[in-house]
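These notes concern the structure reproduced below.
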Amino acid sequence: LALWVSFDGMKTWPYQRVLRGDLEGRFNYPDGFVSADRQWLHFAFDHNRDRAIHVSARLPQAPVAATPLWDATVPLPKSAELPRLAGVEFHVIKRYEPAVDGYRFLHGVALAWHRDRLYASIGHNQGGENTETEEARFTFSNDGGKTWSGVATMDAGLEPGLGVSHGVFHAHGGKLWAFHGAYTGTMKQ
């Protein structure tokens with residue numbers, strides 16, 4: 001898992017750091033935002049469809065415009081050659097605990113900072129992926145993502161056979177809104 005930053009509209013990538021080199025598998029449905037002070041990138045993803053992971057990484061200062069950002073004659077390094085980024089924190093938002101909570105599938109993490117709280121939502125399912133038993137669930141953190149509240153259901157569908165999947169957040173008018181897809185059966189509508 002690496003963080004690459006471009007200062008010129010994705011023409012060059014002068015800032016490249018490995019955030020975590022020991023995680024194997026799939027990183028799905030990433031979501032995130034830059035803090036209001038523009039010093040931190042907060043993002044989340046589901047790892048191997050069974051864990052929600054939150055990452056906070058300090059962003060580099062933008063270089064002075066006259067400073068060359070990248071020497072085009074130098075090839076991009078391999079990911080194993082990139083230096084490790086200091087100051088990165090990893091915190092598990094929701095562990096895979098089917099024996100404890102009955103949920104065997106988790107995906108689609110979304111993050112939002114609202115009124116001094118960090119919120120995360122997930123698609124959580126006691127059945128299989130994208131089936132009618134999927135629920136939109138959420139948790140929150142009062143300490144910037146170090147610890148998380150218990151997971152609660154936001155929307156489990158108002159009618160039998162309706163699944164509610166992962167979605168996104170949007171803060172507007174002093175309220176935090178959540179937008180999630182819904183469908184019947186196995187993603188039929």
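Hey, what's region 47-182 come to in accessible area per residue, 1.4 Å probe, Å²? Could you put the intermediate results ahead of the total?
Working: 7520 Å² over 136 residues.
Per-residue accessible area for region 47-182 comes out at 55 Å².
Restricting to Cα pairs below 8 Å that are 6+ residues apart, what does the relative contact order work out to for region 114-175? Please round to a whole percent.
35 percent
Counting each pair of different Cα atoms once, what's the Kirkwood radius of the chain in Å, rounded to one decimal?
Values: mean 1/r = 0.0551 Å⁻¹.
Every distinct Cα pair counted, the radius reaches 18.1 Å.
Would you mind giving the three semi-axes, in whole Å and largest first, of the ellipsoid equivalent to region 79-125 according to its Cα gyration tensor?
Output for region 79-125: semi-axes of 27, 18, 10 Å.
Which residues' amide hydrogens lie under 5 Å from the amide hydrogen of residue 163, considering only partners 5 or more residues apart or on another chain, with H built in the peptide plane?
Sorted by chain and number, the residues that satisfy this are 183, 184, 185.
Expressed as a whole percentage, what fraction of the accessible surface of region 39-185 belongs to carbon and sulfur atoms when a 1.4 Å probe is rolled over the protein heavy atoms?
Details: 4330 of 7810 Å².
Its accessible area is 55 percent carbon and sulfur atoms.
Just add up the charged neighbours of residue 5: K/R +1, D/E -1, any other residue whose Cβ is under 15 Å from the Cβ of residue 5.
+3
Quick one: net charge around residue 62, please, counting Lys, Arg +1 and Asp, Glu -1 for every other residue with C-beta under 12 Å from its C-beta.
Neighbourhood net charge equals 0.
Any chance you could list the semi-axes, whole Å, largest first, of the equivalent ellipsoid that the Cα gyration tensor gives for region 111-189, using √(5λ)?
25, 14, 9
Show me, bin by bin at 10 Å from 0, the whole-percent P(r) of region 38-147 based on Cα pairs.
12, 33, 26, 18, 8, 2
The values are calculated or read from the model by the stated rules, or taken from the named source; none is laboratory data. Just so it is clear, the model here is predicted, and its values are computed rather than measured. Here the Cβ is made from the backbone with ideal geometry for all residues, glycine too, and neighbour counts use every protein chain on show. With ligands, DNA and RNA removed, areas are computed over all heavy atoms of the protein, side chains included. Shrake-Rupley method; radii C 1.70, N 1.55, O 1.52, S 1.80 Å.
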